[in-house]
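Written out below as structure tokens is the structure these notes cover.
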Amino acid sequence: MIINKFFTMASAVISIICLSPQHLLAGSFGPFDYTVHENAVTIDYYRDVSGGPAVAIVIPASIEGKPVTAIGSNAFNSCGKVTSLSIPSSVTSIGNSAFIFCDGLTTINIPEGVKTIEDYSFNGCKKLTKIDLTAGLTRIAKNAFSSCSSLEHIVIPEGVTEISAEAFSSSALKKAIIPSSVKTLGDYAFSNTDIRSIVIPDTVEVMGKGLFSACPNLKQVDFPAHFKSIPERMFFNSGLTRITIPPTVTQIGNGAFAGCRKVATVTIPATVKTIGNNSFESCGNLESALFMGKAPEMGKLVFNNTAPDFRIIIAGETNGYTVPRWYGYRTGLPNAEIAIQNIDGQSLTNGAETSRYGDLIVGQSSSPKRFLILNVGARILTGLHVRTSGGESSDFIIKPVSKSSLAPGKTAVVEISFVPKKKGKRISQLRISSSDADENPFEIKLSGRGLELLK
């Protein structure tokens, strides 16, 4: 009984301390419910007492002689009748979701003492068109202005160091100037907006994934000169018409440019070592990718569903690439470039191959051997001419090639039959002339043997 009485008294003392006036007081002032902590007032809740269709709210600078320093979390949640808000300069803190879903709010000011626009502060404020952010601000937290479907312009003040995940996602933002103080851009911070162009300052050290995904009117982005990695899905389904990858980038993330349907060509710098899965997938008008260095490590479906005539142009080192296909994509060199394959699709080496016809009775004709001539370069292959030369060249009969030039990616077929005129070993060379700079002519040795029919 003594023990129970002791605990009952202790609980009562604790309760009295927790509710002590110098620690916390609750009250009402007009339409506002508030609490007092350490002689400072927090607005906890706004009660709509106007009875009218719309109202402009002025938050008092003080209540009962104590300064209003904070607006609490969810204080104005879903207050659809509020059209404008004036916040006193005494306020230094605005809580999470403070004005979430205030879909009648059109304008608001943020005092200089506020350091952070907290999570979801203005999320879903569909009519918000103007907000003044002041010099004291250092951070715009996640989803702070997401789904503000009328917010087209905003000035981000110098001093902001972080724009967090989805901060402006699904807003109507057309233009944003990122100050040089910013170091971090969070995941999807500007995704699904109407933004047209943007310059990312050199001070940015971290860029999140999906940063500009689903931005259909985004035409161009200037990267920081020092940047080494393009995050995954960074421009997924964006409206980019030109892609400029800085020569410092070593990695292109998964789906980084997937769905950029307006891009016709892209240059991959020599610094790039890794290209992630689906990086350029569904870029339906992408006709070429110019690779400037050694073959990087490629993920899956990197160039899947690009233009029908898409090809990889090997402009720098050829180390690690294969011609005429690499990872299943057609490859070529910057100039006109000839390649020869046999009927099985095997690529032949100039001057090192022999096509053997075996033994054949003098005067009889063999089945023709076929060779595929390809232009694996980026320019038209001209001056195409096929003939035999040297040895018993008249024993090897060529079916004329109808084409004298080949556009990039196009092919022609040459057929050669063996008709020995005398017994014994019969040899010659197939010579394929063209405008190829270093394989003109392309030569294949021909060999067969003539046999006499015994009487």
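The values are calculated or read from the model by the stated rules, or taken from the named source; none is laboratory data. Quick caveat: nothing in here was measured; it's all calculated off a predicted structure. Heads up, the Cβs are rebuilt from the backbone with ideal geometry, glycines too, and the neighbour counts pull from every protein chain shown.
Summary of computed values
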{"read-out": "Test for Leu286: is it surrounded by fewer than 20 Cβ atoms within 10 Å (Cβ to Cβ), hydrophobic (A, V, I, L, M, F, W, C) and outside the structural domain of Glu439 (by TED's automatic domain parsing)", "value": "no"}
{"read-out": "Condition met for Val376 (of a type in the set (Val, Ile, Thr), closer than 28 Å to Pro308 by Cα and touching a Gly at 6+ places or on another chain (Cβ under 7 Å))", "value": "yes"}
{"read-out": "Scan of region 272-297 for residues that are touching a Gly at 6+ places or on another chain (Cβ under 9 Å), at pLDDT 95 or above and not in a loop (DSSP other than H, G, I, E, B), ordered by number", "value": "Thr274, Ile275"}
{"read-out": "Conditions (1) over 20 Å from Gly276 (Cβ atoms); (2) touching a residue at least 24 places away in the same chain (Cβ under 8 Å): number failed by Thr203", "value": "(2)"}
{"read-out": "Selection from region 373-421 of residues that are surrounded by 19 or more Cβ atoms within 10 Å (Cβ to Cβ), more than 19 Å from Ser447 (Cβ to Cβ) and of a type outside the set (S, T, N, Q)", "value": "Ile373, Leu374, Val376, Gly377, Ala378, Leu381, Leu384, Leu406, Pro408, Ala412"}
{"read-out": "For Gly424: the one exception among (1) surrounded by 17 or more Cβ atoms within 10 Å (Cβ to Cβ); (2) farther than 30 Å from Ile314 by Cα", "value": "(1)"}
{"read-out": "Boolean, Lys425 is modelled with pLDDT of 95 or more and over 43 Å from the mean Cα position of the chain (by Cα)", "value": "yes"}
{"read-out": "All positions within region 150-160 that are surrounded by 16 or more Cβ atoms within 10 Å (Cβ to Cβ) and in a loop (DSSP other than H, G, I, E, B)", "value": "Leu151, Glu152, Ile156, Pro157, Gly159, Val160"}
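Quick grid of which residues meet (1) part of a loop (DSSP other than H, G, I, E, B); (2) in contact with a Pro (Cβ under 8 Å, 6 or more places away or on another chain):
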| site | (1), (2) |
| --- | --- |
| Ser84 | no, no |
| Ser90 | yes, yes |
| Phe99 | yes, no |
| Val114 | yes, no |
| Tyr120 | yes, no |
